[in-house]
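Remarks on the structure that follows.
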Amino acid sequence: MKALRPEQFEALLPNFKEISTTPPAKPKVSVRILAYNHSEFIAQAIEGALMQQTNFEFELVIGEDCSTDGTRELVLNYQQKHPDRIRLILAEENGGKYTGNGRLNFVRTLQACRGEYIALLDGDDYWTSPHKLQFQADCLDSHPEYAECGHQATILAYPERKEVGFYGPDIRTQESSFGYSEILEANFIATSSVMFRREFIQNLPKAIYFLPMADWPLHCLLASQGRIGWSYEPMGVYRHHPNAIWSSMGQIDIWKRIVYMYEVYLTYMDPAYHSLIKAKISDWAFKIGLEHLKNADHAQAKLFLAKCLRANPLGCSAPKLEIIKVSLRTFIPSFFWFLSAAKQLIRRGSSRDQLGGAKDNPSPSNPPAGTD
């Protein structure tokens, strides 16, 4: 698939039909729902949004990306039943044929949201608390320093339908908010748990169009504008699919996509964050380099170890001596062999000196044979 240029991507964004009859004129919150081949799940997602109890108006903005399993018919039926609440953004053709993912649907549906705040909900997830929207809107109202807020989400293994844990930061921390460095370190936020200020995504960096993931870069972008408020109360469910794109990838492939994501951050993030970003590039690139060395793929090992050394090796979490040793062994093996050989000679010489000293200077408690 040939990569799109930004202008080509943006030219495709208007290729949709909106179905909207009597939605709220000025919704405080827009609930953005993405749907593609979610016929088994979409009703539960929509019902969880419709059940919300609030003292403000909110709308559901559902982006449907030309499903082949009847999802479109289901969302059309819901819109007819709830014309005062639901707006549909119906793609004229599946965006995946151009991008390989749902990025067109992601961007155009975000752009269609009108609320002061936007709450994200994926079509295969659902909310369990009827007070979620009210709680999060109150949180953003009372904390102007927050760019977004999120909450713990229950992880439901699919198709087993078994709860296997929670998606979120370690509950033992009990931190009420997080900053840029924490979300840069790892994506601990379930997409369907967040609400954020729409003003901060009015002009999305074009680079986000082409990143291998959408949610983590969005959280990082928002965290560069303010803190992330957090609640440890589970108010929704994240379905974990074993055949999802990320779940089916090898570990090294995932790590490489993360490095690429960080490299793209450097093109649009405030320079104040560049040192942190480069340190993360060094972290992941070093790990990838080590894995390639284990697999005897020296060309790839050199490529990623060079990335580590160019970015911010001093900020890397790996021991600095280990970075030096691995780099010497990889890039200058003859010099590394010389150092290793010299070290062994020095050790042998030191051992011999100690043995000789022991013979010349016997211990009083062990006198040489023949002494009185």
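The values are calculated or read from the model by the stated rules, or taken from the named source; none is laboratory data. Owing to the predicted nature of the structure, the values given are computational and were not obtained by experimental measurement. Counting neighbours? That spans all protein chains shown, and the Cβs are built from the backbone with ideal geometry, glycine included.
Before we move on, is F16 surrounded by 20 or more Cβ atoms within 10 Å (Cβ to Cβ) and over 25 Å from the mean Cα position of the chain (by Cα)?
Yes, satisfied.
Which of the following residues is assigned by TED's automatic domain parsing to the domain that holds L110 and in contact (Cβ under 8 Å) with a residue 24 or more places away in the chain: T191, T267, T173?
Testing whether each residue is assigned by TED's automatic domain parsing to the domain that holds L110 and in contact (Cβ under 8 Å) with a residue 24 or more places away in the chain leaves just T191.
Go through region 294-325 and report how many residues are farther than 26 Å from V264 by Cβ and in contact (Cβ under 8 Å) with a residue 24 or more places away in the chain.
1
Give the residues of region 228-243 that are within 23 Å of F41 (Cβ to Cβ) and among the β-branched types (V, I, T), sorted by residue number.
V237
Tell me, please, whether a residue that is touching a Lys or Arg at 6+ places or on another chain (Cβ under 6 Å) and either assigned to a strand (DSSP E or B) or crowded, with 17+ Cβ neighbours inside 10 Å (or both) can be found in region 186-207.
No, region 186-207 contains no residue that is touching a Lys or Arg at 6+ places or on another chain (Cβ under 6 Å) and either assigned to a strand (DSSP E or B) or crowded, with 17+ Cβ neighbours inside 10 Å (or both).
If only one of E163, E182, E175 is among the charged types (D, E, K, R) and part of a strand (DSSP E or B), which one is it?
E163
Out of N105, N37, N101, N55, which single residue is on the phi < 0 side of the Ramachandran plot, surrounded by 15 or more Cβ atoms within 10 Å (Cβ to Cβ) and part of a loop (DSSP other than H, G, I, E, B)?
Answer to the check: N101.
Give just the number: which of (1) crowded, with 18+ Cβ neighbours inside 10 Å; (2) outside the structural domain of S317 (by TED's automatic domain parsing); (3) more than 13 Å from the chain's Cα centre (by Cα) does C220 not satisfy?
If we test C220 against (1) crowded, with 18+ Cβ neighbours inside 10 Å; (2) outside the structural domain of S317 (by TED's automatic domain parsing); (3) more than 13 Å from the chain's Cα centre (by Cα), just (3) comes out false.
Which one of the conditions (1) of a type in the set (K, R); (2) surrounded by 14 or more Cβ atoms within 10 Å (Cβ to Cβ); (3) under 27 Å from the mean Cα position of the chain (by Cα) does R72 fail to meet, given that it meets all the rest?
(3)
Let's see how each residue does on (1) hydroxyl-bearing (S, T, Y); (2) touching a residue at least 40 places away in the same chain (Cβ under 8 Å); (3) out of contact with any Lys or Arg (no Cβ under 6 Å at 6 or more places or on another chain):
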residue: L12; (1), (2), (3): no, yes, yes
residue: E18; (1), (2), (3): no, yes, yes
residue: A25; (1), (2), (3): no, no, yes
residue: K28; (1), (2), (3): no, yes, yes
residue: I33; (1), (2), (3): no, yes, yes
residue: Q44; (1), (2), (3): no, yes, yes
residue: G48; (1), (2), (3): no, yes, yes
residue: V61; (1), (2), (3): no, yes, no
residue: S67; (1), (2), (3): yes, no, yes
